[in-house]
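K.L.:
Please read through the structure below; I'll follow up with questions.
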Amino acid sequence: MKYMGDYADDSTVRIFFTTSDGSGGAVAPSTAFEAADIVIYKNNSATQKATTNGITMTSPFDTVTGLHLVEIDCSNDTGDAGFWATGNDYSVVLSPDETVDSQTVVAAIAQFSIENRIVSAVSGNVAGIAGTINTLDALDTAQDSQHSTTQSAISALNNFDPASDTVANVTTVGSVTGAVGSVTAAVTTDSASRTASQADVSALATSAALATAQTDLDTLTGTDGVTLATSQPNYAPNTTTPPTAAAVADAVWDEARSAHTSVGSFGEGVKVESLNTQAKADVNAEADTAVSDASLATAAALATAQTDLDTLTGADGVTLATSQPNYAPNTTTPPTAAAIRAEVDSNSTQLAAIVADTSELQADLANGGRLDLILDSILAALDDPRGEPGAGAPPVNPDAMTKLDYLYKAWRNKKEQTSSAFSLYDDAGTTVDHQATVSDDGTTATFGEVGAGS
């Protein structure tokens, strides 16, 4: 079992472990390990971690046979209140329900602690070390204070103005006699910043320029800076009620056309004389186009049609002309129904045959007639009970009802099937009435003709 180290509270511990066979070769478990295969003990207590919350098993890891990873999130206390705590040791044991190399295994794979190996402070003197070793927290507090002091000093130096600021224990040197060996760093003051600020200020407008602008503004608006000065050339306020839309329209239509006769202008376009000329031309063009598109009949074609109509109906256009070849009006009383029937009878050669056949059918359908007797025999065959066929070979060509009797007997009565014979019994089921040979060579099954029973 390996010791993983001392961890801070709420850390995640990652443990790699392997599985091998009896000879040491890498081998996979019977099925992949899961979180439930991990048992964790706290210190020397036999009470296990109650749940698998916070435990993640990757088996196999990176698809490598025999390599596995278990991750333990010590910040997850769900279902295990108080289990993870500082100042304790923890042992991780693999106790799977799977087998490894067909063997049941139990292995203590790792141990770790949570803040159980840290010395927070040492009081007094330690041999070989002069003074006292403070806690890390105290050192950190002191370092933060020193850092803050240093930052304040740097800020003061950055904002130092030699023209007005003084620093304790620093004497201003008016001049230096003799040569200065070297200056290892650039010495700067705030003068550069002041120069830049002065340039920004110089870019602002002067008071004289501002006074000129104010004078111009007063000329436009007056001294109050709001009302437009009446002395302006274009100042012409409306001192009356503005005209209505009707008044504007009347003024437009009452405007003389003589002032608006330029070619292409709206006034020239609506001139009455021009409008009449253009309107007549447009109407004529549209009429010509309509007549052409309609393909109307000419006067000559209409006259020819009228002549033909007069030939058919006469000059009045209503009465059919008697000179027409097919003109043959009925000038007598129309024939009666009896006359029409007599005409049909006298001219038909098949009516007598139809009457004869109909009379014959009526005689055959009468009680005792031929068709009546045939129907009675069919009904009797279908309605009357029939006995089943007797023993013996079925006839070659029996009537239809006998064939049905054999089928019904074969369906209803007792049957036996052996490897060499088929047997059909009588109604009592005691005597074999019919029999057939049966054979099967594994390829073809043969069912022989049915004959008498034996």
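K.L.:
What number does region 32-84 give for Rg over Rh if you use C-alpha atoms and the Kirkwood radius?
P.N.:
Ratio value, two decimals: 1.03.
K.L.:
Just to be sure I understand the model, the point goes 7 Å from the Cα along the line to the Cβ. What's the resulting ALA445 to SER145 distance in nm?
P.N.:
10.9 nm
K.L.:
If you take the beta carbon distance between LYS280 and ASP308 as r and set R0 to 45 Å, what does 1/(1 + (r/R0)^6) give as a FRET efficiency, to the nearest 0.05?
P.N.:
Details: r = 40 Å, r/R0 = 0.88.
For LYS280 and ASP308, the calculated efficiency is 0.70.
K.L.:
Based on the Cβ-Cβ distance from HIS260 to THR298, what FRET efficiency comes out when R0 is 51 Å, to the nearest 0.05?
P.N.:
0.55
K.L.:
A further question on this structure: ALA366 versus VAL105, label points 7 Å from Cα toward the beta carbon: distance in nm?
P.N.:
11.2 nm
K.L.:
I want to check the label-to-label distance for ALA32 and LEU210. Put each point 7 Å from Cα in the C-beta direction and report it in nm to one decimal.
P.N.:
7.9 nm
K.L.:
Then there's this: Which whole-number value in Å³ per residue fits the convex hull of the alpha carbons of region 400-452?
P.N.:
Roughly 86 Å³ of hull volume per residue.
K.L.:
Based only on other Cβ atoms within 10 Å, what is the fewest-to-most ordering of ILE114, ILE378, ILE72?
P.N.:
Final ranking by Cβ density, sparse to dense: ILE378, ILE114, ILE72.
K.L.:
Report the full-extension gain for the segment ASP384 to THR402: residue separation times 0.36 nm, less the Cα-Cα distance, to one decimal in nm.
P.N.:
Working it through step by step, the gained length comes to 5.1 nm.
K.L.:
With a 10 Å Cβ neighbour count serving as the proxy for reagent exposure, in which order, fewest first, do PHE33, PHE16 appear?
P.N.:
Details: PHE33 23, PHE16 13.
The order, fewest Cβ neighbours first, is PHE16, PHE33.
Values quoted throughout were computed directly from the atomic coordinates according to the rules given, and no laboratory measurement underlies them. If you're wondering where the values come from, they're calculated on a predicted model, not measured in any experiment. Neighbour counts run over all protein chains shown; Cβ positions are idealised from the backbone, glycine included.
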